[in-house]
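The values are calculated or read from the model by the stated rules, or taken from the named source; none is laboratory data. Note that the coordinates shown come from a computational prediction; the quantities given were computed from them, not determined experimentally. Because the Cβ atoms are built from the backbone with ideal geometry, glycine has one as well, and the counts that use them run over all protein chains shown. When the accessible area is computed, the model is the full protein with side chains, heavy atoms only, and any ligands, DNA or RNA have been set aside. Shrake-Rupley method; radii C 1.70, N 1.55, O 1.52, S 1.80 Å.
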Amino acid sequence: MDTPEIKLKPLEFLVVIVDMEKGEDVSAFLNEHGFTFSYVSIAEGTAPTEIRSYWGFGETEKSVIWSIIPKGSSNYVISILDSEFEFHKPNTGLALTLPIKSFADPIIASHIGGSGDKPENYETEGERKMEERVYSLLMAIVKKGFSDEVMAAAREAGARGGTIMKARGTGEHEIVKFLGMTIEPEKDVIIILAKKDKRSEIMKAIYEKAGLHTEGNGLVIALPVDDVVGSFNLNSQLADEAINSNSD
Amino acid sequence: MFKNMAGKFIDATVSTLPISLSVIIISLFFSDITPPMYLLFSLGSILLIVGLALFFLGMDLALAPIGREIGSHIVNKKKLWLLLIIPLLLGFIISIAEPGVSVLSGQIGGGERNLVIIYTIAGATGLFLLVSVLRIFLKIQLRYVFIVVYGIMLILAAIAQFINPDFVSVALDSGGVATGAITVPFLMAFTVGISSVAHGRTDSEGDEGFGTVALCTAGPVIIILIIALSGGLKLQEAEIIHDTILNLKDILFAFGNGFVSSFKDVALSLAPVVGIFVVFQLFALRIKKRNLIRIIIGLFYSYFGLVFFLTGVNVGFLPIGKLLGGIIAVSEYRWILVPLGALLGALIVLAEPSVHALTKQVNELTSGVLSRKTMLILLCIGVSIAVGISLLRVLTGISIWWFLLPIYGSCLLLTFFAPKLFTAIAFDSGGVASGPMTVTFALPFVIGACNAIGGNVFTDAFGIIASVTMAPILVIMITGVIYKVKVRKAELESELEKLPEVPIPEFISEPIVDYDSLPSSKVVPSIIVEFDEEEDSSESSNISSTAAESVPSIIVDFDKDDSAESSNISLSEGTASNIDSRDLTKLSNNETSSSIKDYVSNDFITSMDSIGSSKDPEGINPCDTNAHSNMIESDIEVQEEQNDTTGNKEVIQDKFGDDIQPNKDDLGSEE
């Protein structure tokens, strides 16, 4: 141990989804607490039911905030976000953290969470084991316009809502040149939070309706979620546990 | 529950209430405004709120998606003739039915609707829509296009000034009139549709989605000036007739009439959009059922929204505007017209339907850098200045050139200093800010004042739309320059400060930190257990060979599975993106590759958890399970152990079956 006082903090990826107006508040809040690397992008929340989406009652504009936080403080950050923005109430938003395996530039690790009021020893959490991870973040990437199919399939399989972000395909086989312009196909990225036991079913449903073999030409992946808070999980026992541990 | 619907109504109310309340408060000071007028105006305001809310919904559900789909479709088709013909046709068909254009043709063509003028304006819109599309593909910077087009416009206007000064204001106004409530969101979405698939320049700063409205505003001005110079214009003041409102019956009658004419006008102007959509849907787009339903419902929203809005504004706002302008102008405090006009100007722009489309688009395309609020404030300042200027001109009778030349001159000059994106947004917002509210409230207000004072309506009162078109451009251009200076300053400062020096641990020799390959002693102790340091990264290079046999997934299987090879199905690479649907069906229909069929039918999803947990947890570092299931590479180890003992597909299927047990407490059941 040549430099015992310098240790690398493991990092965690924080994702917060809120109504568009609150996006700046959230990133300001994170900044205040010393989590300076945060990025905001624009997304669209899906309607709770299909009928409502036809009438335009339900799609809402969302901000998605991405940030990097120390892994040990994941639970702490989620709980302060919850107490500030009341994510446990319906229709407020959603915050979750994903594990990070590796990152570039060690300066980042030394700078995150450096300032702001924090309780002593707030970085206490270790990494969860896979069994402890109750939720997964499903990410479906489909051709633009097929997010409806994806959401319809996911709803049938038990998902409640999703968030749609616009993207462009840049795969080499997809890019075509025309009059000197690059033509990149538009894609929809749909992110859905799913409980472990529903996950496979939802993924299967999405695969069948909009997988690579269909016109939607889609792809579904699942990412492990460490901590999560949102109004969706109030009833379930596991969520109660999560909330209890948050308030500790 | 109906959060979005409520949101639209709140939007609409917030947009409309300020102007309604201030008009009522101002009216209280003047006894000439009778109670029936208040009733008329209040009913008009309510119609305005309902109409705007519905129209906002319709714009989001139908008008914008249709424009976008058609735009990206003609690029995706990669046919040059489509790219040339479609914009011409779209611009022509849409503006030929624009109610503003036909009213304008009556005003400047000598009374009746003048078909020649209507066709020329429509042709000009088509032509300049084509220019706007071509400049994206020819990679011409927007500032040069603007300098040429607006330069021509100013030169023609200067020539017209010597022939007949009346033409100048009227011609400049016509640009704002030609881009109406349906044209603007549709054309903007059309351009965004094109630019969202086509990428040429890297230095465009995202300005490719803008510029269309600016060009389609300037186009008709140029054409009308040319007609004026060739002697084809006979100006005739349009009579804004309104009956004296005495009782409830008159009010009902007024609204009845208003509804009838709005029903007709809106049907006329929406018809081309619907027609174009139907043709495209039948022959080209083939939008899926769900989207189609939404677009059809959205078209109904747009129609009724616009009917309510136009009725409210024509019946409720127009008479009181003209009356107020006249009353204040003859009162002893007529100097108050200028600040009052500025106030009303700031508020009317909030209630313009197309402003909503612009602010939404700007917010989306700049990823929130220029938020809706910022855009609205800038537009308010701009239109406020514009209406103030117009009333100053009415009171003093000074020429429009005192404002026209300096404002457009500095705007064009600033294009060299402002960021490109701001330039594009600024010129577009000019055409957007002058919509039905300006035409039916601000214009009558100024005409009323002008008539009362006894000025020349053509030279003094007209020109307000031209002012409303140009003032926001200047405001946004100046904001752009300030923004650029600030960003540069911030960059300089951050270069000086940078991040405070933090000692970087010596054991990190390269910029990429991988926890898996770090010695455990170097990571914060409390979390040490998580990091599987014994795992060697070189192992991951062996994945492909073992993965094929062990991981029963559609995607990983294909290239390596033996049976696939024997049936001569060649898939060069295993990456998901390379598998197209034909290959997939071919595979699943292939009788010889029965194992693949099994996989296809049973194991769609490679569940990392099931694989990970299928491993006996005893005797292994518990944190391993976790690490392995995180990454597909790390699963391989597990699979290797299992390969010799059993076909692990069964194991996984078991796990799979467990996984999909329905759970009542879960996400889906709670509503």
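Of note:
- Flagged links, alpha-carbon separation over 20 Å, of A:Lys144/B:Lys77; B:Lys139/B:Lys484; B:Lys77/B:Lys288; A:Lys22/B:Lys484: B:Lys139/B:Lys484; A:Lys22/B:Lys484
- When each of the peptides B:372-381, B:59-68, B:401-410, B:480-489 is scored by the mean number of other C-beta atoms lying within 10 Å of its residues, the order from highest to lowest reads B:59-68, B:372-381, B:401-410, B:480-489.
- Under-5 Å amide H pairs with A:Ala47, H placed in peptide plane, nonlocal only: A:Glu59
- Residue-by-residue Karplus 3J(HN,Hα) for the range B:320-330, coefficients 6.51, -1.76, 1.60, Hz, glycine and proline x: 5, x, 5, 4, 4, x, x, 5, 5, 5, 8
- Interface B-A: total buried accessible area of about 8500 Å², 1.4 Å probe, protein heavy atoms only.
- In order along the range B:380-394, the Karplus-derived 3J(HN,Hα) couplings, from 6.51 cos²θ - 1.76 cosθ + 1.60 at θ = phi - 60°, round to 4, 4, x, 5, 4, 4, 4, 5, x, 4, 4, 6, 4, 5, 4 Hz, and Gly and Pro are given as x.
- Amide H contacts under 5 Å for A:Phe178: A:Ile183, restricted to partners 5 or more places along the chain or on a different chain, H placed in the peptide plane at 1.01 Å from N.
- Residue by residue along A:94-100, Cβ atoms of other protein chains within 10 Å of the local Cβ number 1 on average.
- Amide proton proximity set for A:Gly93, modelled H, under 5 Å, gap of 5+: A:Ser231
- Over 32 Å between alpha carbons, listed pairs A:Lys101/B:Lys373; A:Lys101/A:Lys195; A:Lys187/B:Lys486; A:Lys71/A:Lys143; B:Lys79/B:Lys289: A:Lys101/B:Lys373; A:Lys187/B:Lys486; A:Lys71/A:Lys143
- Under Karplus coefficients 6.51, -1.76 and 1.60, residue-wise ³J(HN,Hα) of the range B:470-476 in Hz, glycine/proline x: 9, 5, x, 4, 4, 4, 6
- Under the Debye formula (equal points on every Cα, no solvent term), log10 I(q)/I(0) of the range B:35-491 at q = 0.12 Å⁻¹: -0.99
- For the range B:359-425: rounded, prolate or oblate by the Cα gyration tensor [a/c cutoff 1.5]: oblate
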